[in-house]
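Undergrad: Before we start, here is the structure in question, set down as structure tokens.
None of the figures in this text is laboratory data; all of them are computed from the coordinates on show. Just so you know, these numbers come straight off a predicted model, no measurement behind them. Quick reminder, even Gly has a Cβ in these numbers, built from the backbone with ideal geometry, and neighbours come from all protein chains shown.
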Amino acid sequence: MKLNKITIHLLIIVLLSACNNFEELNTNEDSATKVNSKLLATGAIIDIMKTANGLSFVDSQFLPKYMGWGEGSRGAQYNDFGRVSFDNYVTLKNYQLMIELAEERDSEAYEALALFLKSFLLYNQTIAVGDIPYTEILKGKENFLTPKYDNQKDIFKSLIENLDLSIELFGKASDFEGDPIFGGDVNKWRKVVNAFELRLLINLSKKVSDAELNVEQKFEQVYKRGILMESNEDNLQLAFSDKSGQLYPFNIAHNKHFDYPMLSNTLMDILKKHEDYRMFYFASPSKAKLTEGKTESDFDSYVGVEVSDPVEDIRAKYVAGEYCGLNKRYIYYEPGEPHIVIGYSEQNFILAEAALRGWIQEDASQFYKKAIKAHFEFLNAHTPDDVTYHYGRKITTQIIDDYLQKPSVQLSGDFTNKLRMVMEQKYVASFLQLDWQPYYDYRRTGYPLLPINSETNMNFKEPSKIPVRWLYPQIEFEYNKEQVQKALDSQFGGVDEVNKLMWILKE
């Protein structure tokens, strides 16, 4: 947070040099690479889209129990929560500079983009820990080194206002330069911002009794704007290719850990329950089952592991081949699949949940099935028609239609059961996508049911639970101690602890 030691000029250089789309900056002021709104927009968009490679790419899969690991143990697999970082706050200055450098004809587009990017960054920060520095975080250039922490409710109110304004400005703006995803198409960005606002609002599901927020009415208003995503073509996603430097993040070319993922019972049981062809696109068959005489296209060849089991038990299954690894398309097919940050399928699952809750007067099943169909189509569109990648269980239009008619897939029962079904299908569709959103959905709804083993759980204070927040950065206790302690006093009785409920999680 020592922002006075980093000049705006240096921040820009760091951001731009990190983007492999840019040539090395030329210090000549007349150079075409001179800092401008276009370059800042490119860097900022890439920054929220970029992914790590190899093991780091799948780190977000351990906490929501999509997979275990065959080499040692991963902390998140056993619910070990650490500290977050506030380092990304420095990029907020670049958003403001992007606005200031914009020519008049482009000012609305770049301001709209900046409002979305700021909201996206700060939403992800607050939902992880609770209260965060907000209103004073840009005062670093005025030597303001100890920003106060705003309460989470006020932050969410401000984020909603910013997203509303972003959509309004994009509606007035012309297409802009510097967008590597949609080519500056403001209509695409309006849909993305609208979908993100729906995500934000569904995460306020425990706050429906707050008359000031009026979450239900606001959600309905956002839904009725009529600027929803209409297909997977509207996804905010990063696509990969077979070119050097653009390969899928888990591709073998830059990944020595490709053989260690072990898909979980949690994921596999949901898929097998419905005889879901997506299993053959996610997984490779168990070597032990093939040795027994099962075939690659046999549902019985696919087994999950109980990822909360002791490390030594999981290692024994790994050695014996009694597990399913990742499908070869994630490892050997260079483009893999695009990584979705905000997507059409997710939007429809959100709308299905909202309809179940009575927030919108629509048929929940309609959105639920649209969401499932969209995910099937996404997998099919980004997987070569090669038996190596689907083991003879190719997804076709007929397969999708038949799946959506299965009795086991139909929404049924009371609200709780229907919510479970929606969240289970959303969980499947979020595999290797949407970063930490599956965990936040579980934290908020309790679905899908995730395994908790008190003998292996690294949540030592409450071994029967999965933690509900990360801890504040250590550097805050060294340089902003008074303010972070005030935040802890007001929220958690003065203690920075992983089981404390932040405002958004309190009924």
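Undergrad: What is the calculated FRET efficiency for Lys465 to Phe299, with r their C-beta to C-beta distance and R₀ = 41 Å, to the nearest 0.05?
TA: After rounding to 0.05, the efficiency reads 0.80.
Undergrad: Hey, another quick one. Within the stretch 288-327, name every residue whose backbone N is under 15 Å away from a label modeled 7 Å from Cα of Thr388 along the Cβ vector.
TA: Residues 327 qualify, since their backbone N sits under 15 Å from the label point.
Undergrad: If amide H atoms are built 1.01 Å from N in the plane of the peptide, which residues on other chains or at least 5 residues away come under 5 Å of the amide H of Ala283?
TA: Excluding prolines and chain starts, which carry no amide H, the hits are Asn327.
Undergrad: Quick check: the angle from helix 91-100's long axis to the longest principal axis of the chain, C-alpha only, nearest 10 degrees?
TA: It works out to around 50 degrees.
Undergrad: Just the Kirkwood number for the stretch 250-300, please: inverse of mean 1/r across all distinct Cα pairs, in Å, one decimal.
TA: Here the Kirkwood hydrodynamic radius works out to 12.3 Å.
Undergrad: Treat each spin label as a single point 7 Å out from the Cα along the C-beta direction, and report the Asn214 to Asp402 distance in nm.
TA: 5.0 nm
Undergrad: Can I ask one more? If you average the C-alpha positions of the stretch 400-460 and of the stretch 268-292 separately, how far apart do those two centres end up, in angstrom?
TA: If we compute the Cα centre of each part, the gap is 18 Å.
Undergrad: Please list, by residue number, every one of the trypsin sites (Lys or Arg not before Pro) in the stretch 246-282 that is coil in DSSP and has at most 13 other beta-carbon atoms within 10 Å.
TA: Of the trypsin sites (Lys or Arg not before Pro), the ones in loops of the stretch 246-282 whose Cβ has at most 13 other Cβ atoms within 10 Å are Lys256.
Undergrad: Another question, then. Run through the stretch 274-315 and list the GluC sites (Glu not before Pro) located in a DSSP loop whose Cβ has at most 14 other Cβ atoms within 10 Å.
TA: Within the stretch 274-315, the qualifying GluC sites (Glu not before Pro) (loop, at most 14 other Cβ atoms within 10 Å) are Glu275, Glu292.
Undergrad: Another one. State, to one decimal in nm, how far the label point of Gln246 lies from the label point of Asn499, with both points 7 Å from Cα in the Cβ direction.
TA: Rounded to a tenth, the inter-label distance reads 5.0 nm.
Undergrad: Count neighbours as other Cβ atoms within 10 Å of each site's Cβ, and list the trypsin sites (Lys or Arg not before Pro) in the stretch 419-507 that are DSSP loop with at most 13 such neighbours.
TA: Taking the stretch 419-507 and a limit of 13 other Cβ atoms within 10 Å, the loop trypsin sites (Lys or Arg not before Pro) found are Lys461, Lys506.
Undergrad: Something else about it: Compute the long axis of helix 152-172 from its Cα atoms, compare it with the longest principal axis of the Cα atoms of the chain, and write down the angle in degrees, 0 to 90, nearest 10.
TA: 80 degrees
Undergrad: Follow-up. Beyond a 21 Å Cα-Cα separation, which of these cross-linked pairs lie in this structure: Lys370/Lys426; Lys153/Lys486; Lys153/Lys218; Lys206/Lys426; Lys418/Lys500?
TA: Where the Cα-Cα span goes over 21 Å, the pairs concerned are Lys418/Lys500.
Undergrad: Need the full-extension length gain, Asp87 to Arg105, defined as separation in residues times 0.36 nm minus the C-alpha distance. One decimal, nm.
TA: Length difference between fully extended and current span is 3.2 nm.
Undergrad: In 10 Å bins starting at zero, report the fraction of Cα pairs in the stretch 332-398 per bin as a rounded %.
TA: In whole percents, the pair-distance histogram is 20, 38, 27, 13, 2.
Undergrad: Here is a further query. Can you tell which of Asn162, Asn235, Pro310 lies farthest toward the positive end of the dipole of the chain, using +1 and -1 charges on the Cβ of basic and acidic side chains (Lys, Arg; Asp, Glu)?
TA: Farthest along the dipole direction, towards plus: Pro310.
Undergrad: In addition: Among [x] 154; [y] 189; [z] 246, only one was calculated for this model; which label is it, if the read-out is volume of the Cα convex hull per residue in Å³?
TA: Given [x] 154; [y] 189; [z] 246, the calculated one carries the label [x].
Undergrad: What aspartates and glutamates sit close enough to Lys287 to cross-link, taking a C-alpha to C-alpha distance under 16 Å and skipping anything fewer than 8 places away on the same chain?
TA: Counting by Cα, and skipping residues close in sequence, Lys287 has these aspartates and glutamates nearby: Asp259, Glu296, Asp298, Asp300, Glu322.
Undergrad: Here's another thing I want to ask about it. State the Cα centre-to-centre distance between the stretch 363-378 and the stretch 98-163 in whole Å.
TA: 33 Å
Undergrad: Give me the dipole magnitude in Debye, nearest 20, for the stretch 252-330 about the Cα centre, with unit charges on the beta carbon: positive for Lys and Arg, negative for Asp and Glu.
TA: In debye, rounded to 20, the stretch 252-330 gives about 360.
Undergrad: Restricting to DSSP H runs of at least four residues, report the calculated mean residue ellipticity at 222 nm for the chain, -39500 (n - 2.57) per run over all residues, nearest 500 deg cm²/dmol.
TA: One gets -13000 deg cm²/dmol as the mean residue ellipticity at 222 nm.
Undergrad: Moving to a separate point now. Please determine, in degrees from 0 to 90 and to the nearest 10, the orientation of helix 415-429 with respect to the longest principal axis defined by the Cα atoms of the chain, where the helix direction is its Cα long axis.
TA: The angle comes out at about 80 degrees.
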